[in-house]
Amino acid sequence: MRLKEQVFHIEILLKRLGIVLMLYTVCRILFFIFNREFFPPIPPGEFGMLMLYGIRFDIASIIYVNAIFILLHIIPGPWFDKPGYQRICKILFYTFNGIALLLESGDWIYYEYGLKRTSTHELGLTGDTNILPQVIKDYWVIFLIAFVLILGVEYLYRKTELHRINRVHFHFPRFIHYPYQIVIMVLVLTFSLIGARGGISDVPISPSTATEYVDDGRLSSLIINTPFSVIYAFGHRQLREPLYFNDEDLEKQFTIFHDRSRYYQWPDSIPKPGEPENVCVIVLESFSKEYIGFFNNGKGYTPFLDSLLTAGMAFNNGYSNGKSSNQGIVAVTSGIPVLMEEPFISSVYQNNAFEGVGTLLQKVGYKSYFFHGANNGSMQFDRFMEQSGFTGYFGRNEYGNDADFDGNWGIFDEPFLKWTANKLTEVEGPFYAEIFTISSHHPFTVPKQHTGKFPKGPIPMLEVVGYADYALQQFFAEAAKQPWYDNTLFILTADHPGPPLPEHEFYQEQVGAHSTWLLLYKPNGQFTGVNEMVVQQTDIMPTVLDYVGYEGKFMAFGHSVFNTTAERYAYNYHSSDYLLINKDLALIFNGGRTMGLYEYKVDSALSVNKMHDYPDVTTRMEDKIKAIIQTHHRAMINDKLVAE
């Protein structure tokens, strides 16, 4: 018995996994090349260290992705040398690693939208296959590079195939010494377990582990890889309640239940109408604060929205609770923020009982309607609106005229919004209407009749932002003709920020990546001025309830903007870290400890960590985010999202 003969299959396994490790390194470099404008300048030496740190996460991903492939190489038996068995191994190799390459290459183009590695919730956004041909057309170079990489992998894999290997040392079939083989199998399994955990520490590595290697949080995305991010997210769909506080202390720190929350006082200078007020919430797709001239000394791409912001009450210190549409709409509609890997709408807790704004407004005689020109069923919004107590859902099907179809997502904003303005005249009132636009999105399609009308700017997004702003203007022009217009409060915001502009570093960091805005507009001038209050999307439902005079109990992770006594924070979960923001400071917390405290208004790059300069403030803010997390997780796990 020769030792080389007994470890031959392990040698083959290591060579094949080594090919994958090389592939991950190449993909990391390509990821950086495609997204380099979203990272700070990196000296070559530091970049090399980031590549080395990434190997720890690459090994973990490779072991998870290739678990079955590894087992087929180490289970003792004479079948390993059989051609049929090797074909099965190769099929498994390309199937699982092909999926991993697909995920990784997707982030070469998607990263700019979320500024984080893809996890499970982004995968939930890919259900609409209408957009796939356009994606292939726009990003053909990505598919070409992936194909070239596969050819390179095949070239190297062939060098490990048994019928191509020099057999001078022994002959096939090999003699199998089963005691040796069992020992080898146990050793490989042991080292695989260590590799999958990222080492021998008590706690396995997570995406937040990458932040421990860097001072600038943006660089953590260069250390981890997308397959690892997705696998980690799938493994953490079930929440565990962190026991930061006992029940008594937790309730003192934070509560999500509200009762008789009446704060709005009707101004004496404006006559109060004799009938209930309508409310129309307009959520603009990807309308970043940095695109809007009102917030940027007049430099922007939204002249009509600028005029509305000037005429209404503009909140310039607002934040989104997530980085995708199915997170933002949930926060606006139900007061539930993003504090876990997946949006509530698609999580394992999606069937929990809750009372959305539609359900609550029914109690005071309102009808609620959701208008979204996308394909019906998009992001499960139709189901979610039904759960939220909405009376009607109006999408592409209800619009009923595909002459205005944009070829990808749904109906262009301009015709759909004008139709919506007229439809609201037909529905039963008083009403709460929630309108979600779609046109300011990839593939950045402008109707042919408007080609060349809107400024293009440094990124393709800006032209369609200009079109969506024009569509908003047409909506208000049409709405102003309707009988319900003067008796309606309009609340406008974005579902989440869009891709950041290269010149604005602030919007590439954690705080700026969630920085957005809020507008209250009433045609009679009831709301005016600029408000510096910290607001978030989960404040919108309490604000609506307060405004219409709802006096019952409700659940929301937010407060009415008319409540000037509430402690104002915004919070969210991004790339495995929790973010808590007040009017001056932002705290980043990884679930176990505070990673940083930043004066974000003067430190746009979040480069100066102040947690040791302000220990008392750090402790208070850490306790607050801990209480918010514990309250959220407890409510989700125990199905306690309804006020009793």
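Structural remarks
- For peptides 428-440, 69-81, 457-469, 542-554, sequence by mean Cβ density within 10 Å, most packed first: 428-440, 457-469, 542-554, 69-81
- Whole-percent pair-distance distribution, where bins are 10 Å wide, for the alpha carbons of region 269-345: 15, 36, 31, 17, 1
- Under 14 Å from the residue 158 label point (7 Å along Cα→beta-carbon), backbone N, region 64-101: none
- Two-site label geometry, residue 350 and residue 46: point separation in nm, points 7 Å out along Cα→Cβ: 4.1
- The P(r) of region 213-277 has a tail past 20 Å containing 69 percent of all C-alpha pairs.
- Distance between modelled label sites at residue 422 and residue 257, nm, 7 Å Cα→Cβ extension: 4.8
- Calculation over all alpha carbon pairs of region 21-68 in 5 angstrom steps from 0 returns a P(r) of 5, 19, 26, 24, 14, 7, 4, 1, 0 percent.
- For the chain, share of DSSP beta bridges that run antiparallel, in % to the nearest 5: 50
- Note that region 463-568 carries a Kirkwood radius of 16.3 Å, evaluated over its alpha carbons pair by pair.
- Residue pairs exceeding 18 angstrom between C-alpha atoms, taken from 289/453; 252/626; 289/323: 289/453.
- For region 598-634 versus region 457-521, the gap between their alpha-carbon centres in whole angstrom: 29
- The smallest convex shape that holds all Cα atoms of region 172-319, its convex hull, gives 332 Å³ per residue.
- Taking 0.36 nm per residue of separation and subtracting the current Cα-Cα distance, fully stretching the chain between residue 565 and residue 26 would add 188.7 nm.
- Peptides 560-570, 199-209 ordered by packing proxy, namely the average of other Cβ atoms within 10 Å per residue, highest first: 560-570, 199-209.
- Alpha-carbon centroids, region 312-364 and region 8-67: separation in whole Å: 37
- Label-point gap, in nm, between residue 311 and residue 216 - each point 7 angstrom along Cα→Cβ: 4.3
- Helices that extend 18 Å or more along their long axis by alpha-carbon positions and average at least 0.0 on the Kyte-Doolittle scale are, among the DSSP H runs of the chain, 8-35, 44-65, 83-114, 140-158, 178-197, 461-479.
- Normalised convex hull volume, region 529-644, alpha-carbon set, Å³ per residue: 130
- Calculated from the alpha-carbon coordinates, the chain shows an Rg and a Dmax of 27.2, 99 Å respectively.
- Pairwise inverse Cα distances across region 398-480, averaged and inverted, put the Kirkwood hydrodynamic radius at 13.5 Å.
- Look at the alpha carbon pairs under 8 Å that are at least 6 residues apart: their mean separation over the length of region 325-433 gives a relative contact order of 26 percent.
- Residue 418 contributes about 70 Å² of solvent-accessible surface, heavy atoms of the protein only, 1.4 Å probe.
- Ratio of Rg to Rh for region 280-433: 0.97 [Cα atoms; Kirkwood radius as inverse mean 1/r over pairs].
- Ellipticity estimate at 222 nm from DSSP helix runs (n ≥ 4, -39,500 (n - 2.57)) divided over the chain, nearest 500: -13000 deg cm²/dmol
- Packing-based ranking, highest mean first, of 227-234, 210-217 given that Cβ atoms within 10 Å are counted: 227-234, 210-217
The values are calculated or read from the model by the stated rules, or taken from the named source; none is laboratory data. What you see is a predicted model; the values in this text were computed from it and never measured. Counting neighbours? That spans all protein chains shown, and the Cβs are built from the backbone with ideal geometry, glycine included. The area values use the complete protein model at the heavy-atom level, side chains included, leaving out ligands, DNA and RNA. Shrake-Rupley method; radii C 1.70, N 1.55, O 1.52, S 1.80 Å.
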